[in-house]
Amino acid sequence: MNHLSSPGLGIYVAHVAFFSAFVVARLIARASSREKQEVATGTERVAKENTAPYSKVLVAFHMVGFVILYFGIGDAVFGREPLALFESQILAGSIVIGCGAVLCCWALLYFRSWRFRAQLNVGHELATGGPFRFLRHPIYMGLNLLGLGTALWIPTLTVWVAFVFMVVGSDLRARSEEALLHRSFGERYAAYCSRTRRFVPLLY
């Protein structure tokens, strides 16, 4: 049964835990990449540097979603208007955010040459194993799950608009990276794309 209440500070704890796990996984992955000279099974390396066009603009657009998201969270937590919440809402949001964190960490630990921008340096890996066996962009999908879990936890219009921005930003960045990877890896990447969905296995 719905009742009026505040979402509380727990949403901030969930986000801090998400990004803490992200940073720790990234640090472990970087340390591992320095120690290991051989790439993981199922990967290929790029031979020359390349950068996707408009990558900075796409990152900026994606960040707009996060700005709106945190504005919406702050407005809900510290605003005067209570929300209509159902009993399992926080649990549902927490589970979705947790799944996003696991997906991001799995991808980071497997894919040691991940970059924030769509940029390939010499030796950059093409990963087709680990979570990349199931979807082409697990890190972006993990961020989408962060937005979705937050929208379930705090179902305000602002937070849902932020989630839409995040999904669109992820999709635009994914398409830009795919074009770059196709130019760099050619038919190997095309074959990989033909059997692997972008974000949701078997659907999209």
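The values are calculated or read from the model by the stated rules, or taken from the named source; none is laboratory data. Keep in mind that what you see is a predicted model, and the values were worked out from it rather than measured. Note: ideal-geometry Cβ built from the backbone for every residue, glycine included; neighbour counts use all protein chains shown.
Quick notes on this one:
- Lone unmet requirement of (1) surrounded by 14 or more Cβ atoms within 10 Å (Cβ to Cβ); (2) small (Gly, Ala, Ser); (3) at pLDDT 95 or above for SER20: (1)
- Members of the stretch 136-173 found to be in contact with a Lys or Arg (Cβ under 8 Å, 6 or more places away or on another chain) and crowded, with 21+ Cβ neighbours inside 10 Å, listed by number: ARG136, HIS137, TYR140
- Selected residue (criterion: modelled with the highest pLDDT) from residues of the stretch 86-128 that are of a type in the set (Val, Ile, Thr) and not in a helix (DSSP H, G or I): THR128
- Of the helices (runs of 4 or more DSSP H) that lie entirely inside the stretch 129-204, those containing 1 or more residues that are aliphatic (A, V, I, L, M), in contact (Cβ under 8 Å) with a residue 40 or more places away in the chain and more than 17 Å from PHE71 (Cβ to Cβ) span 138-153, 157-185.
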